Amino acid sequence: MGHWELRLDRMRFAEYPWAERRLYWLNDGGSHHFGAALYQACRLGITVPLTGRLCRYSVNVPMITALRQKWHLYAIPADEIFGSFFDAMNAFECPFGHSELPRNMHDTEKTGVALRLAWLERGHPRASAVADVLSAAGFPDFGKQLNLLSIQTAETISLERP
């Protein structure tokens, strides 16, 4: 447990309620040393207390509502955003934006596909037409995912309060 990269004196953790694992150790290095030390401690029956700082992240439900009122949000493979999707939007003269997905909401290594969000303004006729096509083609509606997340957050908050 004494390896210099473990930084046991200043461990940091993050909780993301929407992520598959929820709790993450924000490690700057040395996780393999930590795993080996944990294994050794378990085998030897030694208790090693770990302390650190936990940052809990939550969902801003009013912001999700505001985003969904202004934008259609679709998850699209990153290589398509800069390829055929971009070309089609240019040809159709349709404005759009794009961004990365929020941290810990998609595992590129697990799926093998990097995703980006396409932002299409609601109320803009061409953008709404593109949103209809993306929906019909089965592209994930990220706005719906955010809405589900806000519902889960509201349910969790009501369960946690006495």
**Asked** residue 7 fails exactly one of the following numbered conditions: (1) modelled with pLDDT of 85 or more; (2) at positive phi; (3) not small (Gly, Ala, Ser). What is the number of that condition?
**Response** (1)
**Complete:** Screening 97, 138, 123 for residues that are free of Cβ contacts under 8 Å to residues at least 60 places away in the same chain and over 23 Å from the mean Cα position of the chain (by Cα) leaves only 123
**Request:** Could you list all residues from the range 47-61 that are closer than 15 Å to residue 27 by Cβ and assigned to a strand (DSSP E or B)?
**Result:** 52, 53, 54, 55
**Asked** If the Cβ limit is 9 Å and pairs must be 6+ apart or interchain, which residue in the range 77-92 that is in contact (Cβ under 8 Å) with a residue 40 or more places away in the chain pairs with which residue that is surrounded by 13 or more Cβ atoms within 10 Å (Cβ to Cβ) and basic (Lys, Arg)?
**Response** 89/126
**Residues (surrounded by 14 or more Cβ atoms within 10 Å (Cβ to Cβ), within 15 Å of residue 70 (Cα to Cα) and not aromatic (Phe, Trp, Tyr)) located in the range 108-129** = 117, 118, 120, 121, 124, 126, 127, 128
**Prompt:** Regarding residue 73, is this residue outside the structural domain of residue 100 (by TED's automatic domain parsing), in contact (Cβ under 8 Å) with a residue 40 or more places away in the chain and aliphatic (A, V, I, L, M)?
**Reply:** no
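The values are calculated or read from the model by the stated rules, or taken from the named source; none is laboratory data. Given the structure is predicted, the values throughout are model-derived calculations rather than measurements. Note that each Cβ is placed from the backbone with ideal geometry, even for glycine, and that neighbours are counted across all protein chains shown.
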